[in-house]
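Structure first, commentary second.
The values are calculated or read from the model by the stated rules, or taken from the named source; none is laboratory data. Fair warning: this is a prediction, and the values are worked out from it, not measured in the lab. Heads up, the Cβs are rebuilt from the backbone with ideal geometry, glycines too, and the neighbour counts pull from every protein chain shown.
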């Protein structure tokens, strides 16, 4: 189904955006780790910090480099996934325009359900089958209904004594008294088919409603996680600032700085992932509703 394909493209598109944001967070973490090492080395030379601070900073930098390499690979994989979703060759070079946005206005369940009942193609097909089955009952029942026929004819006269034409017209009414129960059997069969079509329609509508409700609840959950993750980033930034200040003042260990920086990177990564989940949840809700998809922007590098 076309909408499923487009959903896959949107998901891959958001996957590239989140991978690039995680890469930026990992790059910032690597840069901070390198700065920590320089500060530790300077403080050690001045006799203000132990050699263990240098070792700890070196380990932190090595781990940050490993995570950065992993993030770079994730970006490459995300672009490969997007190229595949678009049906492009694996060697295609893409450049996306846009950033991973925070979720917008929250949907309304009742409106989402109403939209899905009007636009989901499965339900439209089931409704068409139901209407056809109901019409078949009327057709089958018409076997015992009277039929009215109109007739007309013209006879040409050509003999030794007469010439010209003779017109005749009439109306006939046919009323079948008994057809051996054939009509009744056909009506019962048509009614059974209509009941089956009604059940199929009801089942399709119920299944669509369940899909929309599940997708809607996932949007609500994702939005809540975005808000929580955003607050965690603010807290982690403040904790890092305090730990760094304490270490610079000589009243806090390097370990606190490293732990605070690790927590900050994790918070930024979680925030990016939460926004990705929120965007994908909305795309999945659009899919469940049968909603036409917007065209996401990406440009191919020349």
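Here's the yes/no breakdown for (1) part of a loop (DSSP other than H, G, I, E, B); (2) farther than 24 Å from residue 243 by Cβ; (3) touching a residue at least 40 places away in the same chain (Cβ under 8 Å); (4) in contact with a helix residue (DSSP H, G or I) (Cβ under 8 Å, 6 or more places away or on another chain):
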position: 7; (1), (2), (3), (4): no, yes, yes, yes
position: 24; (1), (2), (3), (4): no, no, no, no
position: 28; (1), (2), (3), (4): no, no, yes, yes
position: 32; (1), (2), (3), (4): no, no, yes, yes
position: 40; (1), (2), (3), (4): no, no, yes, yes
position: 57; (1), (2), (3), (4): no, no, yes, yes
position: 76; (1), (2), (3), (4): no, yes, no, no
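Going through segment 245-274 one residue at a time, which ones are in a helix (DSSP H, G or I), within 15 Å of residue 60 (Cα to Cα) and more than 32 Å from the chain's Cα centre (by Cα)?
Within segment 245-274, 254, 255, 256, 257, 258, 259, 260, 261, 262 qualify.
So which pairs qualify, if the first residue must be in segment 260-281 and without any contact (Cβ under 8 Å) to a residue 24 or more places away in the chain and on the phi > 0 side of the Ramachandran plot, the second must be outside any helix (DSSP H, G or I) and surrounded by 23 or more Cβ atoms within 10 Å (Cβ to Cβ), the Cβ gap must be under 6 Å, and the two must be at least 6 apart or on different chains?
Matching pairs, first to second residue: none at all.
Would you mind stating whether residue 48 is surrounded by 12 or more Cβ atoms within 10 Å (Cβ to Cβ), touching a residue at least 24 places away in the same chain (Cβ under 8 Å) and outside any loop (DSSP other than H, G, I, E, B)?
So residue 48 does not fit the description; no.
Are there any pairs with C-beta distances below 9 angstrom linking a residue in segment 96-120 that is on the phi > 0 side of the Ramachandran plot to a residue that is assigned to a helix (DSSP H, G or I), with the two at least 6 apart or on different chains, and if so which?
Here the result reads 98/13; 98/17, each pair linking segment 96-120 to a residue that is assigned to a helix (DSSP H, G or I).
Please indicate, with yes or no, whether at least one residue in segment 52-64 is within 34 Å of the chain's Cα centre (by Cα), within 20 Å of residue 33 (Cβ to Cβ) and either at pLDDT 95 or above or surrounded by 12 or more Cβ atoms within 10 Å (Cβ to Cβ) (or both).
Yes: one or more hits.
Please name all residue pairs, on different chains or six or more residues apart, with Cβ atoms under 8 Å, provided the first residue is in segment 191-202 and is within 9 Å of residue 129 (Cα to Cα) and the second residue is loosely packed, with under 15 Cβ neighbours inside 10 Å.
197/132
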